Amino acid sequence: MKGESAALPLASLAGGVLLAFVLGFSLGAPRRLVSLVVSRHAPHRLDGRVEPGEYRFRWQDEASKLRFEWSIEGDRLLGAVFSPDTGWVAVGFGGEGPLMYGADIVIGYVDARGAHLRDHYATTPTNHDPDSALGGSDDVLAAAGLETAEGTMVEFVRPLAARDSTDQPIESGQTHVIAASSETDDFAAYHFGGRKAVSLLDLFAGPPAAAERGVLPDHITDVQIMLATWMALLLIVGAHGLASQWAARLAEVPGEGPASGADAAVALIAVFVLAELAALGVFAIGVVVAAPAWLVGSALALGLLALAGIILLYGRAFVPWEIVRGEREDGIPW
Ligand code: HEM
């Protein structure tokens, strides 16, 4: 149990750390961390591009891939709508329905001359007209857009208040929000491609855009799961190997209570106890607030590991070898 056998645990630890780096890069961890710190409060710019953190809230409809991001600033709503389509994209607020009826719509497309956004109102369940043709006014205060190979993004600013009878006010509480897009730049065209989405959103409360940009991704691939498994295995084997060698050295002077070894063991036990308390605290709070399963599970695993460490250290450092041997002879399975 001396120097030469430390090579295997060290190699195992090194392998684990290497895999951790590979896994971290494959999950885009550096980019995620940087965007978490740097771009959390990206300034709002009307340029047809949405930087991470530019808008406070985000609703993405997974089926249609339509995305609406927005912030409330003072008496205005700053919004951005994205669609993989290259015709018009639109978002509508309020209205009793059925379908689109009564929605206050911001609709726009992008062509060679730039972005064209309008304030419309759904006059029937399946049709909409410009406010300006209905006796109201066009209340899109500012707008921009960009069409790329990925699709179309339009950004706009509109007042929270209704300025005419064809506007719906944006208020706190549940708002019926619709979104749709088309492959043509004609405002009167139907969403033939089937890209349409409906949601009930509290436009003052979320869902927050930041949730999608956490440090952890939503999905990981099979290869990443394999990397994570090997990483955990190598790290555990390495750490366990080093810890048992260290504990064996502590026990090398049995019964005589090696002062420095015992002090180190007490210090390490104290660290483990703190880790145990922290892990159990996180676990308990996690259960109460229904935190993500990965957090609750990791806290429990850490707690168990810390407990195992405490028991191991206590046994190795403070239970004299004679007692262990005596109890083994008594048939107690130490
Ligand atoms: C002149 C253009 C449009 C026409 C002719 C049209 C027509 C229709 C029709 C016939 C339906 C019912 C069938 C279906 O679900 O596909 C519908 C539903 C829908 N439309 Fe439109 N639409 C137009 C523009 C828009 C715009 C600009 C938006 C977004 C602001 C929109 C959002 C929706 C949504 C979300 C539904 C589904 C509603 C629900 O299931 O409750 N439509 N539309």
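Quick notes on this structure:
- Within the stretch 142-159, being open to solvent by 60 Å² or more (accessible area, probe 1.4 Å) and among the hydrophobic types (A, V, I, L, M, F, W, C) holds for one residue alone: A149.
- For F192, the conditions (1) more than 13 Å from the ligand (Cβ to nearest atom); (2) part of a loop (DSSP other than H, G, I, E, B) are fulfilled apart from (1).
Matching residues to (1) out of contact with any helix residue (DSSP H, G or I) (no Cβ under 6 Å at 6 or more places or on another chain); (2) free of Cβ contacts under 8 Å to residues at least 40 places away in the same chain; (3) closer than 22 Å to R163 by Cα; (4) near the ligand (Cβ under 9 Å from one of its atoms):
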| site | (1), (2), (3), (4) |
| --- | --- |
| W70 | yes, no, yes, no |
| G74 | yes, yes, yes, no |
| L78 | yes, no, yes, no |
| G87 | yes, no, no, no |
| P98 | yes, yes, no, yes |
| Y109 | yes, no, no, no |
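- Some residue of the stretch 160-169 being exposed (fewer than 14 other Cβ atoms within 10 Å of the Cβ), modelled with pLDDT of 95 or more, assigned by TED's automatic domain parsing to the domain that holds P125 and among the small types (G, A, S): yes
- Selected residue (criterion: farthest from the ligand (Cβ to nearest atom)) from residues of the stretch 142-158 that are in a strand (DSSP E or B) and farther than 22 Å from S71 by Cβ: T148
The values are calculated or read from the model by the stated rules, or taken from the named source; none is laboratory data. Given the structure is predicted, the values throughout are model-derived calculations rather than measurements. Note: ideal-geometry Cβ built from the backbone for every residue, glycine included; neighbour counts use all protein chains shown. Quick note on the areas: whole protein, heavy atoms, side chains included, nothing else; ligands and nucleic acids left out. Shrake-Rupley method; radii C 1.70, N 1.55, O 1.52, S 1.80 Å.
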